[in-house]
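Here's the structure we're looking at; comments come further down.
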Amino acid sequence: MTTMTSMVDGLSFSQRFIRPQSWWILTELCRRHPEFRIVETHPGDGHYDCLGLYDDRSKVTALNLNRGGSLHIHRGVNPGSFGWATAFSGDSFEFIENLESRMGLNAPSATSPTTARLLCYRVITSVLLQSLNARKPWDAQCLEEVFWGDDGKEKLVAEFPGIDAHCMRSESSYLDGPISKHWVLRRKGVQPELVLNDDGMLYQRNKRSVDLYKVFKVSGRSISSAIGASLGEVLK
């Protein structure tokens, strides 16, 4: 994870703030509009580092958050681009509602029930936000995108038992997959320690996999309780 800043409109913001906030923004939008999923892309031959809001129905990315630049709305009644200052300068939920309005989305009366995929996003967001001021903050990167070359991905996955078997059962792949499904969590300067997928599975290096969604349900559907029960030793 880089410690660089994003410079837009003469204002710079540390990646320490941008990266967890990009996850919070898109996770909140997915909770309010479950037809979306989060994807990671690197357009421009890897020059840009984007977290995007992908519409499963139209198969397009409706919103891109370039962590090294600007935020881009690609569809809706008021598409356009703006800097990260807009995301940090006011109330967080008013910002979400403004995005919805510009994208032509109706604000829901309540968030959707937490599915396995939403659980994956909510856990990642919680871990990143809680480590915001840590000496070694956590970051999440897409397995389908971040480790270039099949050999590198297969070498990593071999250290996380259960991923290959699950992919076989679900007929999915982490090798150049078109959609982000597996997320690698690592602390700054540390090798990857966790992998989460959007089926609600948690994988740890050289340990048995955990059905995080089952843990979530038996924990009274509490995010903090599920994180404590499954990741307490890793995050302490």
Seminar exercise, completed: For LEU196, the lone unmet condition from (1) outside any loop (DSSP other than H, G, I, E, B); (2) out of contact with any Cys (no Cβ under 9 Å at 6 or more places or on another chain); (3) in contact (Cβ under 8 Å) with a residue 40 or more places away in the chain is (2)
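Any idea how many residues of the range 104-121 are within 20 Å of the chain's Cα centre (by Cα) and within 22 Å of HIS72 (Cβ to Cβ)? Quick ask: steps written out before the conclusion?
Here is the first cut: in the range 104-121, the ones within 20 Å of the chain's Cα centre (by Cα) are 111-121.
Keeping just the survivors that are within 22 Å of HIS72 (Cβ to Cβ) gives 121.
Total satisfying the criteria: 1.
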Exercise. Only one of ARG67, ARG102 is of a type in the set (D, E, K, R), under 30 Å from ASP199 (Cβ atoms) and surrounded by 17 or more Cβ atoms within 10 Å (Cβ to Cβ); which?
Worked result: ARG67
Problem set entry | Top-ranked residue in the range 22-48 [being closer than 16 Å to ALA140 by Cα and touching an Asp or Glu at 6+ places or on another chain (Cβ under 8 Å); ranked as least open to solvent (accessible area, probe 1.4 Å)] | GLU40
For this session: Could you please tell me which pairs satisfy a Cβ distance under 8 Å, a separation of 6+ or placement on different chains, a first residue in the range 209-223 that is farther than 16 Å from TYR121 by Cα and in contact (Cβ under 8 Å) with a residue 40 or more places away in the chain, and a second residue that is surrounded by 14 or more Cβ atoms within 10 Å (Cβ to Cβ) and not basic (Lys, Arg)?
Result: SER209/PHE160; SER209/PRO161; SER209/GLY162; SER209/ILE163; SER209/HIS166; SER209/MET201; SER209/LEU202; SER209/TYR203
Exercise. For GLU144, all conditions in the list (1) open to solvent by 10 Å² or more (accessible area, probe 1.4 Å); (2) in contact with a strand residue (DSSP E or B) (Cβ under 7 Å, 6 or more places away or on another chain); (3) of a type in the set (D, E, K, R) hold save one; what is the number of the exception?
Worked result: (1)
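What about VAL234, is it modelled with pLDDT of 90 or more and open to solvent by 50 Å² or more (accessible area, probe 1.4 Å)?
Working: modelled with pLDDT of 90 or more: yes; open to solvent by 50 Å² or more (accessible area, probe 1.4 Å): no.
Here the answer is no, as VAL234 does not meet what is asked.
The values are calculated or read from the model by the stated rules, or taken from the named source; none is laboratory data. All values reported here derive from a predicted model rather than from experimental measurement. Note: ideal-geometry Cβ built from the backbone for every residue, glycine included; neighbour counts use all protein chains shown. Protein only, heavy atoms only, side chains kept; ligands, DNA and RNA dropped before computing areas. Shrake-Rupley method; radii C 1.70, N 1.55, O 1.52, S 1.80 Å.
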